[in-house]
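**Q** This is the structure I have questions about; it appears just below.
Values in this text are rule-based calculations from the coordinates and carry no lab data. All values reported here derive from a predicted model rather than from experimental measurement. Glycine gets a Cβ as well: all are built from the backbone with ideal geometry, and neighbour counts include every protein chain shown.
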Amino acid sequence: MVKWTDAERATMKKVWEKVNINEVGPQALARLLIVYPWTQRYFGSFGDLSSPAAIVGNPKVAAHGKIVLKSLDKAVKNLDGIKNHYVELSEIHSEKLHVDPDNFRLLGDCVSIVLALKFGSAFNCEVQNTFQKFLAVVIYALSRQYY
Amino acid sequence: KMSLSAKEKTLVKTFFSKVSGRVDDIGNEALSRMLTVYPQTKTYFAHWQDLSPGSASVRKHGKTVMGGVMEAVEKIDNLCEGLRNLSDLHAFVLRVDPSNFKILCHCLLVVLAMTSPEDFSPETHVAIDKFLASVSLALSEKYR
């Protein structure tokens, strides 16, 4: 059972208040597809992913980025229920989408980097630590239903 | 073996020349984050008095690490040959588990994004990620 200190809860609230999920989502997913191009294997139906510019301008990438961040948003607002929140999504990613769970870490890293871009020095050591702890909990929950 | 295109090498060299004046801070920030966010990395520094972010030991070592990175930028056309001494050091003396290279690379990327958001475009991001991965590979060349 994950334990969150008061300080960590406060940090997550403070950070997330400033996150525009409609911006961060598309940017993080675009960077995933650009920096780790093998992840494109999961997005065969998304159309043109042939160059960084194409990926950044692709409306399906943007839409999907927003969906991913909306799910993270729910998790942030329910830090004590992350495991349950992701049961169904974990099954879907395993049984239907067949996503290698290592990719969750890659996307998490991209989200961290996009936040660093946006927040600059406000994304300090402690904030990064707390946020990556959150990401690790999400990734664990998403990987749980794989067998 | 992963290789960088000419364009990627240019992106890397350009980016690092822009931040060359801030490498000490970058090294300190990256190392501080690594030790905090991935506490298992502290096992390599048990001989330090103070492992807290920004401590004298951390600052000094951050500078050393960035010295290595900047050397790698200069030798970008032949990392394995160019980083031979560092490779020997990591393989036979330090024996750092190579999985930790990925961890430090991620922390470096976060800090670079933070300090130069206007220059850290997706194209630059992938070039630097590849470069750091190549450096990591060169450093673990001699491991076995």
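**Q** Residues in segment B:35-47: is at least one without any contact (Cβ under 8 Å) to a residue 24 or more places away in the chain, under 20 Å from B:THR10 (Cα atoms) and not in a helix (DSSP H, G or I)?
**A** No, there is no match, as no residue in segment B:35-47 is without any contact (Cβ under 8 Å) to a residue 24 or more places away in the chain, under 20 Å from B:THR10 (Cα atoms) and not in a helix (DSSP H, G or I).
**Q** Continuing with this model, one more query. Could you please let me know if A:VAL137 is more than 10 Å from chain B (Cβ to nearest Cβ), within 25 Å of A:TRP4 (Cα to Cα) and in contact (Cβ under 8 Å) with a residue 60 or more places away in the chain?
**A** So A:VAL137 passes the test.
**Q** Just one of B:ALA138, B:ALA133, B:ALA91 is surrounded by fewer than 16 Cβ atoms within 10 Å (Cβ to Cβ), closer than 27 Å to B:THR43 by Cα and in contact (Cβ under 8 Å) with a residue 40 or more places away in the chain; which is it? Write out each step before concluding.
**A** Values: B:ALA138 fails: surrounded by fewer than 16 Cβ atoms within 10 Å (Cβ to Cβ); B:ALA91 fails: surrounded by fewer than 16 Cβ atoms within 10 Å (Cβ to Cβ).
Result of the check over B:ALA138, B:ALA133, B:ALA91: B:ALA133.
**Q** Take the residues in segment A:38-57 that are without any contact (Cβ under 8 Å) to a residue 12 or more places away in the chain and not polar (S, T, N, Q); name whichever of them is nearest to A:ASP109 (Cα to Cα). Can you show your working first?
**A** The first filter runs over segment A:38-57 and keeps only residues without any contact (Cβ under 8 Å) to a residue 12 or more places away in the chain, leaving A:38, A:40-41, A:44, A:48, A:50-51, A:53-54, A:57.
Subset that is not polar (S, T, N, Q): A:38, A:41, A:44, A:48, A:53-54, A:57.
Details: A:TRP38: 16, A:ARG41: 19, A:GLY44: 23, A:ASP48: 24, A:ALA53: 21, A:ALA54: 22, A:GLY57: 21 Å.
That would be A:TRP38.
**Q** Got at least one residue in segment B:109-122 being within 19 Å of B:SER3 (Cα to Cα), touching a Leu at 6+ places or on another chain (Cβ under 7 Å), at the interface with chain A (Cβ under 10 Å from one of its Cβ atoms) and of a type outside the set (Ser, Thr, Tyr)?
**A** The answer is no; no qualifying residue exists.
**Q** Scan A:LYS18, A:LYS3 and give me the residue that is away from chain B (no Cβ under 14 Å), touching a residue at least 12 places away in the same chain (Cβ under 8 Å) and at negative phi.
**A** Of the residues listed, the single one that is away from chain B (no Cβ under 14 Å), touching a residue at least 12 places away in the same chain (Cβ under 8 Å) and at negative phi is A:LYS18.
**Q** Considering only residues of segment A:108-127 that are among the hydrophobic types (A, V, I, L, M, F, W, C) and within 7 Å of chain B (Cβ to nearest Cβ), which is surrounded by the fewest Cβ atoms within 10 Å (Cβ to Cβ)? Break it down stepwise before answering.
**A** Going through segment A:108-127, the residues among the hydrophobic types (A, V, I, L, M, F, W, C) turn out to be A:110-111, A:113-117, A:119, A:122-123, A:125, A:127.
Next, only the ones that are within 7 Å of chain B (Cβ to nearest Cβ) stay: A:113, A:116-117, A:123, A:125.
Numbers: A:ILE113: 24, A:ALA116: 26, A:LEU117: 22, A:PHE123: 22, A:CYS125: 18.
Applying the filter and picking the extreme gives A:CYS125.
**Q** Can you name the number of the only condition in (1) touching a residue at least 60 places away in the same chain (Cβ under 8 Å); (2) more than 18 Å from A:GLN128 (Cβ to Cβ); (3) surrounded by 17 or more Cβ atoms within 10 Å (Cβ to Cβ) that A:ASP80 fails?
**A** (3)
**Q** For segment A:27-72, what are the residues that are within 12 Å of chain B (Cβ to nearest Cβ) and not in a helix (DSSP H, G or I)?
**A** Across segment A:27-72, the qualifying residues are A:TYR36, A:SER51.
**Q** Tell me which of these B:PRO53 doesn't satisfy, since it passes every other one: (1) part of a helix (DSSP H, G or I); (2) crowded, with 16+ Cβ neighbours inside 10 Å.
**A** Evaluating B:PRO53 over (1) part of a helix (DSSP H, G or I); (2) crowded, with 16+ Cβ neighbours inside 10 Å leaves (1) as the failure.
**Q** Which members of segment B:1-34 meet the condition of being in a helix (DSSP H, G or I), exposed (fewer than 13 other Cβ atoms within 10 Å of the Cβ) and either within 12 Å of another protein chain (Cβ to nearest Cβ) or touching a Lys or Arg at 6+ places or on another chain (Cβ under 9 Å) (or both)?
**A** B:LYS7
**Q** Of the residues B:LEU109, B:LEU139, which is closer than 26 Å to A:PHE119 by Cβ, of a type in the set (A, V, I, L, M) and under 12 Å from the mean Cα position of the chain (by Cα)? So that I can check it myself, show each step before the final result.
**A** Numbers: B:LEU139 fails: closer than 26 Å to A:PHE119 by Cβ.
After applying the criteria, what remains is B:LEU109.
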